[in-house]
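J.: Quick one: the structure is below, and I'll ask about it shortly.
Read the figures in this text as sums done on the coordinates, not as results from a lab. Since this is a predicted model, take the numbers as computed values, not measurements. Neighbour counts are summed over all protein chains in view; Cβ atoms, including those assigned to glycine, are modelled from backbone coordinates with ideal geometry.
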Amino acid sequence: MLNLIENESLKLLRRRRFLIVVAILFVIMTLVSYSQYRQLRQGRNENWRAELQERIARYENRLRRGRMNESWSRSMRAEMRRLQFYLDRGINPEAPTAPLVVRTFANAAGFLLLPLLISVLGADIVSAENAEGTDKLLLTRPVRRWKILLSKLLTLWMFASITLLTGGALSWLVTAPVLPAGGWDAPMFNGFAFGGDQFHIESVRELPLWKDALIAYGLEWYALIAVGSIALLLSVIFKSSAASIGTMLASLIGGTILTRISPDWTAGKYLFVSALPLADYYTGQLPPYEGMTMAFCITLLGVWAAVAIGVAFVIYTRKDVFG
C-alpha cells in the first residue's frame, strides 16, 4: 500500500498541479498581507470603533430598504449583533495581526477557494489514467482493484491535508514580517446563536486564539476530506479529465450560488456545498437554511463522503478493463 501511495503521489507531483496550488495560495496571501499592512500603516486600527459603528449603520439602512431575500436578511442581522457584541466589550475583532490572519484563513479560504483547489488536484486522479492510456495496464496488474483505488483516495486525502497546512503556514510566513507576530493568546469569541430576532449570549464561548484556530482548521480539514471523496467518485465515473474537473467545479460554484439566492428551496440544505463552510458556522455565521446546526452539517458531509466512497469502489472494482 505504501508503494502504491508513493506512486500516486509522484503522479500528482509530475502533473505540477500541486505547485500551481501552492503558487495560488502564495499570491493570495501576499495580497492579503499587503492589504493588512496598508490598513495598519494608515492607522485604521485606531478608529476601529467608528468603523464598526459605520458598518452596523450601513447594515441597518440596507435592512430598512427591504430589497434582499430572507437568507441575506438573517445573515445581516446576525452580523450586526455580532459586531455590536464586540463593540460593547471594547474588543477589535479584526485587529491586523499575523496570528489572526492565520485563523481567518480557515474561514475565508474554506468557503470556496480550498474546495476548488482540492477539486483541481483530485477530480482526475482516476480519469487521468484513461487520458494517459495507463488505465488498462494498471487494472491488469496483480494488485486488487480496491487497493489501487484506496491508495488514490489516501493520496488525495494526504494532499488535501498538505494543502490546508500549506495555506496556514503561508499565511503566517507572508504576514509575520509586516504585521505584529504576537497575539496567539488573544481572546476569540465563537458560538454565536440566533433564534429569530433574539441573540443568545449564553451560547458564546471564549477561547484563546491558538485553540480556536486548531478547532477551525480541524473542521476545515474534515470538509476538505469530504470534497476529496466526492472528487474521487466523479473521477471514477467520467473517463475524461475535463469532464470530471468541470463537473466538480460546476457543483461547487453552482451550489454555492444556489444556496445564496434560493433560501426558500429547503431541499438545498442537503447539498454537500451547503455544509462546507464549517469554520464559518463554528464562528457564528448563519447557515443559508434554518435547521442547519453544526451537528447536522458534520453528519451531512460524512454521509456524502461515505456514499461517494462506497459508490466509487463499487464502480471501480467492477470496471471492464476494455470498457
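J.: Take the chain, connect every pair of alpha-carbon atoms lying under 10 Å apart with a spring to form a Gaussian network, then pick out the residue of Trp304, Trp265, Trp157 with the largest mean-square fluctuation.
T.: Comparing Trp304, Trp265, Trp157 in the GNM, the peak value goes to Trp265.
J.: Need one number: nm distance between label points at Phe111 and Leu214, each 7 Å from Cα along Cα→Cβ, rounded to one decimal.
T.: My value for the distance between the label points is 2.7 nm.
J.: Relative contact order for the chain using alpha-carbon pairs under 8 Å, separation at least 6, rounded to a whole percent? If you can, show how the numbers build up before the last one.
T.: Numbers: 381 pairs, mean separation 81.6, N = 323.
Across the chain, relative contact order equals 25 percent.
J.: Across the Cα atoms of the chain, what radius of gyration and what greatest pairwise Cα-Cα distance (Dmax) are found, in Å?
T.: When restricted to Cα atoms, the chain yields Rg and Dmax of 21.8, 69 Å.
J.: Please rank Tyr86, Tyr281, fewest neighbouring Cβ atoms within 10 Å first, as an exposure proxy. Can you show the working numbers first?
T.: On the way: Tyr86 16, Tyr281 21.
With the fewest neighbours first, Tyr86, Tyr281 line up as Tyr86, Tyr281.
J.: Restricting things to Cα coordinates, could you compute the convex hull volume per residue of the stretch 84-128 in Å³?
T.: Numbers: hull volume 3.7 nm³, N = 45.
Dividing the Cα hull volume of the stretch 84-128 by its residue count gives 82 Å³.
J.: What full-extension length gain, to one decimal in nm, is calculated for Val307 and Arg55 as 0.36 nm per residue of separation minus the Cα-Cα distance?
T.: Stretched out fully, the Val307 to Arg55 stretch lengthens by 86.4 nm.
J.: Related question: Compute the Cα gyration tensor for the stretch 227-322, then decide on rounded, prolate or oblate, letting a ≥ b ≥ c be the square roots of its eigenvalues: rounded whenever a/c is under 1.5, prolate when a/b is larger than b/c in the other cases, and oblate in all that remain. Intermediate results must be reported in sequence, preceding the final value.
T.: On the way: a/c = 2.78, a/b = 1.91, b/c = 1.45.
Prolate, since a/c reaches 1.5 and a/b exceeds b/c.
J.: Sum -39500 (n - 2.57) across every DSSP H segment of at least 4 residues in the chain, then divide by the residue count to get the 222 nm mean residue ellipticity, nearest 500.
T.: Working: 13 runs with 221 residues, N = 323.
Mean residue ellipticity, 222 nm, calculated: -23000 deg cm²/dmol.
J.: Can you compute the FRET efficiency between Tyr222 and Tyr270 using 1/(1 + (r/R0)^6), with r the Cβ-Cβ distance and R0 = 22 Å? Round to the nearest 0.05.
T.: Working: r = 18 Å, r/R0 = 0.81.
The value I calculate is 0.80.
J.: Nearest 10 degrees is fine. How inclined is helix 294-317 to the longest principal axis of the chain, computing both from alpha carbons?
T.: That works out to roughly 10 degrees.
J.: Select from Arg205, Arg65, Arg81 the residue whose mean-square fluctuation is largest in a Gaussian network model of the chain (Cα-Cα springs shorter than 10 Å).
T.: Between Arg205, Arg65, Arg81, it is Arg65 that shows the largest mean-square fluctuation.
J.: Quick check on the exposure proxy: order Phe272, Phe189, Phe105 from fewest to most C-beta atoms within 10 angstrom.
T.: Values: Phe272 23, Phe189 18, Phe105 29.
The most exposed by this proxy come first: Phe189, Phe272, Phe105.
J.: On to the next question. Which residue, chosen from Ile315, Leu170, Pro180, occupies the Cα position most advanced towards the positive end of the dipole of the chain, where the dipole is computed from +1 (Lys, Arg) and -1 (Asp, Glu) charges on Cβ about the Cα centre?
T.: My answer, from the dipole projection, is Ile315.
J.: The stretch 1-30 to the stretch 97-125: how many Å between their Cα centroids?
T.: 15
J.: When N counts the residues of the stretch 153-249, how does its alpha-carbon radius of gyration compare numerically with 2.2 N^0.38 Å, as a ratio?
T.: Working: Rg = 18.7 Å, N = 97, 2.2 N^0.38 = 12.5 Å.
My calculation over the Cα atoms of the stretch 153-249 gives 1.49.
J.: Right, next: Using unit Cβ charges (K, R positive; D, E negative) and no other charged atoms, how large, in debye to the nearest 20, is the dipole of the chain about its Cα centre? Could you put the intermediate results ahead of the total?
T.: Numbers: 34 positive and 24 negative charges, 136 e Å.
Using only the charged Cβ atoms, the result is roughly 660 debye.
J.: Using a/c under 1.5 as the rounded threshold, could you call the stretch 212-268 rounded, prolate or oblate? The axes a ≥ b ≥ c are square roots of the C-alpha gyration tensor eigenvalues, and prolate needs a/b larger than b/c, oblate otherwise.
T.: Numbers: a/c = 2.69, a/b = 1.16, b/c = 2.32.
Judged from the Cα gyration tensor, the stretch 212-268 comes out oblate (a/c at least 1.5, b/c at or above a/b).
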